[in-house]
Amino acid sequence: MYNKAFEKESFKKEVKDNLKILYRKTIEDATKQQIFQAVSYAVKDVIIDQWMATQKQIEKQDPKTVYYLSMEFLMGRALGNSLINERAFTEVKEAMDELGFDLNSIEDEEPDPALGNGGLGRLAACFLDSLSTMGYPAYGCGIRYRYGMFEQKIENGYQLEVPDMWLKNGNPFEMKRPEYATEIRFGGTIRVERDCQGREKFIQENYQSVNAIPYDIPIVGYGNNVVNALRIWDAEAINTFQLDSFDKGDYNKAVEQQNLAQTIVEVLYPNDNHNAGKELRLKQQYFFISASLQRAVAKFKEKHDDIHRLPEKVVFQLNDTHPTVAIPELMRILMDEEGLTWNEAWDITTRACAYTNHTIMSEALEKWPIELFSRLLPRIYQIVEEINRRFLIEVDRRYPCNQEKVKKMAIIYDGQVKMAHLAIVSGFSVNGVARLHTEILKNQELKDFYEMMPQKFNNKTNGITQRRFLLHGNPMLADWVTDHIGNDWITDLSQIRKLAIYADDKKAQQEVMNIKYQNKLRLAKYIREHNGIEVDPRSIFDVQVKRLHEYKRQLLNILHVMHLYNQLKEHPDMEFYPRTFIFGAKAAAGYRTAKLTIKLINAVADVINNDKNIGGRIKVVFIENYRVSNAEMIFAASDVSEQISTASKEASGTGNMKFMLNGALTLGTMDGANVEIVEEVGEEHAFIFGLSADEVIRFENQGGYNPMDIFNNDQDIRKVLMQLINGYYSPRDPELFRDLYDSLLNSRNCGRPDTYFILKDFKAYAEAQKRVEWAYRNEEGWARSSILNIAGAGKFSSDRTIQEYIDEIWHLDKIRVEMPE
Ligand code: HBZ
């Protein structure tokens with residue numbers, strides 16, 4: 001089970017050699033960062049051989065390849081993960097020990113590549129891990145943002161955003177590929193010419209352009225020598241400055257192109273489930289899509305003469321609507337560059353593109369004003385217009401003279417280009433990301449499309465990679481699992497079911513609880529060091545970590561904490577099992593309510609943590625800068641997994657699966673993949689509460705409900721809500737949390753009050769929390785449930801998800817890569 005390429009003595013020598021070559025340093029006087037770099041280059045050295053072998057095999061076999069097109073890839077650190085997948089972690093850890101370094105602290109030198117916001121970006125990263133591990137050829141295609149997701153600082157309880165300079169020390173794992181540089185054109189005008197056969201030619205003039213330069217990052221499969229690439233594009237100005245040019249027009253254009261190149265890949269938009277509609281965002285989208293597609297077509301043509309056969313070898317998966325310009329861009333390449341007719345190009349495009357929907361939140365839907373779209377992408381716009389024209393003919397054939405249908409389904413309507421409609425009409429597959437989500441798409445959000453083209457719709461319930469979130473993140477539990485059922489679970493998580501027979505085994509129960517305790521000690525230490533808060537590792541670790549969004553209802557959680565605190569104050573002698581409430585969440589920089597919720601959590605934490613009279617029975621911790629690297633440690637240490645979104649709003653969730661795999665019990669609504677989690681583990685091993693998706697949708701169709709009834713009739717809730725506006729948690733500024741109060745009780749911005757049914761679900765939530773407490777008091781029962789959760793997590797491997805994409809959408813060919821001895 002170990003990798004010969006990482007033989008200890010030669011590995012140590014290579015680390016030392018690298019220090020010499022890179023930094024002119026010996027191991028004694030190198031900094032930790034330099035050690036990290038030297039180790040990473042030594043690891044990369046092994047990876048490169050496998051990467052070349054993979055390329056050679058692909059060259060020989062010519063398998064069908066997926067291009068996973070995504071604005072986001074939330075990769076997390078590469079060093080530890082690569083070592084895990086090389087099956088060399090233990091070996092290298094020992095080698096580093098012998099050199100006098102702790103591998104974990106070397107890992108901490110690596111910045112988290114955070115080229116994503118949350119679930120959607122992390123899903124893309126898990127998918128790449130699974131694709132390589134399962135031996136399928138794949139490219140991830142994205143943007144090399146100079147600044148990834150901002151670093152969150154908490155100052156005086158408020159979130160501050162600090163630029164994430166993840167490339168500051170260079171990225172040892174990436175490889176620049178200047179030989180694949182591609183020109184990308186924006187703006188200008190389209191002139192139509194006719195060739196000798198009278199065919200129209202479309203010529204873009206007076207455009208601005210930038211060079212797209214790819215950087216490849218290796219994606220190492222687990223123990224199989226397969227290395228795919230994440231290809232992220234950087235922008236460079238096309239013509240270097242002609243400083244001697246006195247032609248003013250040229251000079252201005254050169255400056256503009258320089259600026260365009262610099263701004264286009266500057267920063268990741270930090271919104272999740274919200275579309276700000278910024279021009280630069282559309283530029284980013286077209287930039288990486290045009291580059292990726294031009295390259296994919298060129299690569300296909302290196303081996304094939306007949307472009308009509310593209311869909312036999314290539315499939316493009318659109319990760320939400322963000323990459324949807326791929327559709328008209330592929331049409332453009334096929335018609336304007338390859339000389340195909342509309343019908344030929346359409347046939348190819350519609351067999352090569354598939355779309356995944358990740359949300360039903362209306363504010364996330366991408367719509368571009370025609371003015372902006374056609375100015376920035378004039379030729380692309382012409383093509384979208386033609387796709388729309390032809391589609392509306394279809395609609396009219398199916399629903400003659402039905403303006404209602406046109407209004408609801410047109411790609412261009414009301415002065416806007418609707419990207420979801422474009423993706424659905426032009427792709428051969430439309431999938432949701434959990435069963436409930438897909439049903440809502442079919443029966444509500446996309447009902448009209450489902451009715452017209454039901455064969456396109458399918459579900460692919462999300463998954464996560466057990467290699468990062470158990471094997472790397474929770475080594476003690478991983479070893480325990482392997483001791484009991486062998487190590488096949490690493491590449492076949494369905495095996496983990498076999499643990500179920502240990503659920504009633506007293507020894508197994510104690511071992512699992514002890515591992516949890518050790519992981520809680522590790523997190524308690526982190527909290528002591530980062531927050532200066534002392535938490536009791538014997539208390540219940542009750543955790544909600546995810547992006548901050550109203551629909552995810554962190555506000556429900558903290559209001560309930562306020563309520564518990566009130567009860568403890570009123571009845572100091574009540575029975576109460578100590579709890580540590582842990583939050584971690586970034587708010588989009590411009591999302592005021594979300595940022596105010598962070599402030600509230602921290603204000604509540606301040607008061608409760610410093611109240612000597614409650615004997616430390618409640619602690620509240622806000623973990624600063626929640627990201628992939630600290631997430632791994634948090635999941636491992638959690639008892640309770642808070643998955644409390646308003647039913648119907650969370651498309652799937654994937655954190656829920658990471659908690660489960662690490663033995664936490666879910667406290668959640670019947671939303672997203674929670675439904676399937678409960679189905680796998682059994683409702684008696686989770687704490688389910690609240691309105692169902694159907695009930696929420698029914699209320700929404702009635703125009704909401706009246707939260708005032710609850711406010712007037714429920715003293716506990718009233719007391720908590722009054723504390724938002726009487727200065728209880730903000731004596732110097734009693735009005736500070738007024739907006740949160742108003743969001744629950746008063747209609748703001750013509751919206752309904754309590755849009756997310758927080759007060760409506762409060763009581764059910766509080767009751768579910770009581771059930772949690774009583775369950776935890778029964779240590780054996782809890783341990784049993786915890787083991788059954790781990791045992792029930794098999795379905796939620798991204799390996800399973802990817803197999804479904806392959807069987808039902810992509811139809812890829814597997815590759816095998818042997819390394820010479
Ligand atoms: O995608 C998330 C869903 O909210 C979550 O339920 C699901 O599990 C996950 C994977 O399928 N969606 C996102 O994370 N969405 C974004 O981050 C996003 C980013 C930019 C946008 C829109 C959405 O413009």
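Take every Cα-Cα distance within the range 1-73, group them into 5 Å bins from 0 onward, and report for each bin the whole-number percent of pairs it holds. Once binned at 5 Å, the Cα pair distances of the range 1-73 give 3, 14, 17, 14, 14, 13, 10, 10, 4, 1. Each Lys or Arg adds one and each Asp or Glu takes one away; over the other residues whose Cβ falls under 15 Å from the Cβ of D807, this sums to 0.
Here is the tail figure for the chain: Cα pairs spaced more than 42 Å apart come to 33 percent of all pairs. The convex hull of the Cα atoms of the range 704-821, projected and averaged over all directions, covers 16.7 nm².
Tell me, what is the percent relative contact order of the range 663-767, built from C-alpha pairs under 8 Å that lie six or more residues apart?
22 percent
Near T666, the amide H atoms lying under 5 Å from its own belong to S641, F687; only residues 5 or more places off or on other chains count, and H is placed 1.01 Å from N. In straight-distance terms, cross-link reach from K60 covers every one of the lysines whose alpha-carbon lies under 18 Å from its own, apart from those fewer than eight places away in the same chain; here that gives K299, K301, K303, K313, K814. Karplus-derived 3J(HN,Hα) values for the range 451-458, using 6.51 cos²θ - 1.76 cosθ + 1.60 with θ = phi - 60°, are 5, 7, 9, x, 5, 6, 7, 7 Hz; glycine and proline are entered as x.
Over the chain, calculate the relative contact order: mean separation of alpha carbon pairs under 8 Å at least 6 apart, over the residue count, as a percent. Before the final figure, lay out each step's value.
On the way: 1494 pairs, mean separation 115.4, N = 821.
Relative contact order here is 14 percent.
Only helical DSSP H runs with n ≥ 4 go in: add -39500 (n - 2.57) per run for the chain, normalise by residue count and round the 222 nm mean residue ellipticity to 500 deg cm²/dmol.
Numbers: 31 runs with 375 residues, N = 821.
Using -39500 (n - 2.57) per qualifying helix, the result is -14000 deg cm²/dmol.
Once you put a point 7 Å from the Cα of R351 and another 7 Å from the Cα of E94, both along the Cβ direction, what distance in nm separates them? That separation, rounded to one decimal, is 5.4 nm.
Which percent, nearest 5, of DSSP beta bridges in the chain are antiparallel? The answer is about 45 percent antiparallel. Once the gyration tensor of the Cα atoms in the range 466-796 is diagonalised, the equivalent ellipsoid follows with semi-axes of 33, 22, 18 Å, ordered largest first. The per residue volume of the convex hull around the alpha-carbon atoms of the range 734-783 is 111 Å³. Once backbone amide H atoms are built at 1.01 Å from N, Y147 has V267, L268 as its partners under 5 Å, excluding neighbours fewer than 5 places away on the same chain. Taking amide H as placed 1.01 Å from N in the peptide plane, M75 has its amide H under 5 Å from the amide H of L115, each at least 5 places away in sequence or on another chain.
By the rule of a C-alpha distance below 24 Å, with chain neighbours fewer than 8 residues away ignored, the lysines paired with K168 are K16, K20, K25, K32, K44, K153, K176, K586. When DSSP beta bridges are restricted to pairs lying wholly in the range 466-796, around 0% turn out antiparallel. Pairs exceeding 27 Å between alpha-carbon atoms, taken from K546/K763; K460/K595; K599/K763: K460/K595.
Which of the trypsin sites (Lys or Arg not before Pro) found in the range 556-623 are in a DSSP loop and have at most 10 neighbouring Cβ atoms, other than their own, within 10 Å?
Loop-located and lightly packed - none at all.
Residue-wise HN-Hα couplings along the range 495-501, as the Karplus relation 6.51 cos²θ - 1.76 cosθ + 1.60 with θ = phi - 60° gives them from phi, are 4, 5, 3, 4, 5, 3, 5 Hz; Gly and Pro carry x.
Taking only the C-alpha atoms of the range 628-686, the Rg (one decimal) and the largest Cα-Cα distance, Dmax (whole number), read 10.9, 32 Å.
Each reported figure results from applying straightforward, stated rules to the coordinates on display, with no laboratory input. Everything numeric in this text was worked out from a predicted model, so none of it was measured. All Cβ positions, glycine included, derive from the backbone under ideal geometry; neighbour counts span all protein chains shown.
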